[in-house]
Amino acid sequence: GFQTLKADYFAILEGDDFWLDCRRLQKQVTFLEANPDFAICAGNTIKMYEGATGEPHRFLYWGKRADATIEDVINLNPFFHNAGVLFRNSYRGNPPIHFSSRRSCDIFITIAHAQFGKVHHIDEDYAVYRAHPGGRFSNRPKIVEWMFDIDGLRHFNAWLGYRYTKAFAGSIVKYCNYVLKEGQREGGSLSLRHRLNLHRIRASYGLVYFLLNWPRHLMSWGTQLGFTGFALVCGILALGRRAK
């Protein structure tokens, strides 16, 4: 499908979802036309439950979002459901081979296009994401969904040539922390195997993140030591004056 895309922009609408605003595409195109440094323009998506309990609500919504960079997207801070997104067609019918991988999903499609520009959010409701018994993703166990995302982030880092390793490492550590902390409440108890695997992944990428931030840590420690040394010298001088 991506190989057929030749126009300037494209939007994704899966067969069981639908759009709410008949002018949404025009609004998004107008913004991208006026702002060539942006690659993505996103609106809000409503999640609606069918055949299951749950009230409709804005999906992945935390209020109006500031403009975001690819590092922000990798950290999943401004992530939006694809039903409400318009993409600038940066690949022009020649997408990376990784788009055909079973790991390719909304997250990777968004990250891959965020390489070419920033992400803008229009705080309006543009689409409905239907969660229902026939949906492929709606019925997965939570731990399967979480591990799919974590493993995906690890592969996306390689697919992008490790150019954003620090952002990916931070995102993976954050995701592991979330699952270890909230996993039992949201998806039932985690098995020992899953816990050990999550701790292993978190430790590995935590070390990578720490090493990539080593210069910043040194500067921070140097600043702290400098203030401490300055305070110590001042204290010694003050004691010397009192002794006189």
Unique residue being open to solvent by less than 20 Å² (accessible area, probe 1.4 Å) and part of a loop (DSSP other than H, G, I, E, B) when the list is Gly93, Gly15, Gly43, Gly54 = Gly93
What are the residue pairs meeting all of these: first residue in segment 162-177, first residue within 15 Å of Thr69 (Cα to Cα) and among the hydrophobic types (A, V, I, L, M, F, W, C), second residue open to solvent by 30 Å² or more (accessible area, probe 1.4 Å) and at pLDDT 95 or above, Cβ atoms under 7 Å, and 6 or more apart or on different chains?
-> Ala167/Glu71
Within segment 18-34, of all residues that are open to solvent by less than 80 Å² (accessible area, probe 1.4 Å) and free of Cβ contacts under 8 Å to residues at least 12 places away in the same chain, the one farthest from Asp123 (Cα to Cα) is Ala34
Tell me, please, whether a residue that is among the β-branched types (Val, Ile, Thr) and either at pLDDT below 95 or closer than 20 Å to Glu145 by Cα (or both) can be found in segment 20-34.
-> no
Those residues of segment 151-181 which are aliphatic (A, V, I, L, M) and either open to solvent by 20 Å² or more (accessible area, probe 1.4 Å) or at pLDDT 95 or above (or both), in sequence order | Leu153, Ala158, Leu160, Ala167, Ala169, Ile172, Val173, Leu180
Please go through segment 102-122 and pick out each residue that is more than 14 Å from the chain's Cα centre (by Cα) and either open to solvent by less than 20 Å² (accessible area, probe 1.4 Å) or at positive phi (or both).
-> Gly117, His121
Considering each of Asp8, Asp67, Asp72, Asp37 in turn, give the residue that is open to solvent by 70 Å² or more (accessible area, probe 1.4 Å), under 16 Å from the mean Cα position of the chain (by Cα) and in contact (Cβ under 8 Å) with a residue 40 or more places away in the chain.
-> Asp67
Of the residues in segment 41-87 that are out of contact with any Gly (no Cβ under 7 Å at 6 or more places or on another chain) and among the β-branched types (Val, Ile, Thr), the one that is modelled with the lowest pLDDT is Thr53
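The values are calculated or read from the model by the stated rules, or taken from the named source; none is laboratory data. None of these values were measured; they are calculated from a predicted model. Every residue, glycine among them, receives a Cβ derived from its backbone with ideal geometry; neighbour counts consider all protein chains shown. Calculation scope for accessible area: heavy atoms of the full protein, side chains included, ligands and nucleic acids excluded. Shrake-Rupley method; radii C 1.70, N 1.55, O 1.52, S 1.80 Å.
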